[in-house]
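The values are calculated or read from the model by the stated rules, or taken from the named source; none is laboratory data. On a predicted model such as this, the values are computed, not experimentally measured, just so you know. No Cβ is skipped: glycine too gets one built from the backbone with ideal geometry, and neighbour counts run over all protein chains shown. Accessible surface is based on the protein model in full, side chains and every heavy atom, while ligands, DNA and RNA are left aside. Shrake-Rupley method; radii C 1.70, N 1.55, O 1.52, S 1.80 Å.
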Amino acid sequence: MDYVTAAVPHPRSEGEGPARAGRRSLAVALLSGALGAAVALLATRQRWSMGTATVAGDAFPLSVKGSDVTGVPAALAIVGLAALVAVFAVRRTGRFAVSALLALSGAGIVAAALLGATDSSALDDKAAQASGDTSSVVHAFDHTAWPYVAAVGGGLILLAGLLALLYGRRWPAMSGRYERNGTPRPRRAPVVDPDRPEDIWKALDRGEDPTGA
């Protein structure tokens with residue numbers, strides 16, 4: 001007699017796919033968002049560009065940091081980091097809005113960093129201060145790789161925002177109504193003051209015995 005065997009799927013395997021994707025996306029988003037903010041903030045403190053200005057007939061070297069060129073990447077890095085934390089404090093529509101803000105923060109850092117790489121206005125301001133001539137400009141303008149490092153940081157924050165938009169509904173959320181094991185916290189019964197008739201009537205409406213007997 002031949003026996004026909006059929007593979008029976010494990011009951012736990014049906015929901016493991018989405019749950020595993022949610023855990024992976026959460027880990028990647030947290031890592032990329034935090035790392036991106038740190039990279040962007042670090043890059044804005046470094047030298048972005050340099051040049052020379054003519055002061056009293058001599059060449060005077062000048063350089064500026066990323067924060068001198070533009071304050072947008074540093075500000076958006078802080079906004080993105082705050083949005084990354086806030087994703088877990090909200091649900092549904094709020095989570096979608098915060099996730100969109102996270103993604104937009106990353107995109108803004110990328111745009112500001114790439115524009116700042118070719119911006120010489122901060123150097124021109126320093127040249128005018130050094131020479132005392134408001135019409136002075138820098139010569140031999142050059143830039144470092146730090147603007148592009150800041151853009152990479154913004155790209156990581158953008159990735160975290162996109163992951164939050166796609167998989168954020170599967171991520172856990174902070175809630176003050178539930179304990180760690182998922183059971184609702186017991187609500188404390190209001191204190192009834194026997195000297196206040198309104199408290200006694202409210203207790204009776206709730207089906208409680210205000211006398212405590």
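Check the range 43-52 and report whether any residue there is more than 30 Å from Gly106 (Cβ to Cβ) and at pLDDT 65 or above. Checked the range 43-52: at least one residue is more than 30 Å from Gly106 (Cβ to Cβ) and at pLDDT 65 or above.
For the range 75-92, taking the residues that are open to solvent by 30 Å² or more (accessible area, probe 1.4 Å) and modelled with pLDDT of 90 or more, the one that is nearest to the chain's Cα centre (by Cα) is identified as Leu81. Output the residue which, of all residues in the range 100-142 that are modelled with pLDDT of 80 or more and outside any helix (DSSP H, G or I), is farthest from the chain's Cα centre (by Cα). That would be Asp142. All of Leu62, Leu159 fail the test of being crowded, with 16+ Cβ neighbours inside 10 Å, at pLDDT below 90 and not β-branched (Val, Ile, Thr), apart from Leu62.
Within the range 117-145, residues that are within 15 Å of Lys65 (Cβ to Cβ) and of a type in the set (S, T, N, Q) reach partners that are open to solvent by 50 Å² or more (accessible area, probe 1.4 Å) and at pLDDT 75 or above with beta carbons closer than 8 Å, at six or more positions or on different chains, in the pairs Ser120/Phe141; Thr144/Gln46; Thr144/Arg47. Does Val55 meet the test of being at pLDDT below 95 and within 10 Å of the chain's Cα centre (by Cα)? Criteria not met by Val55.
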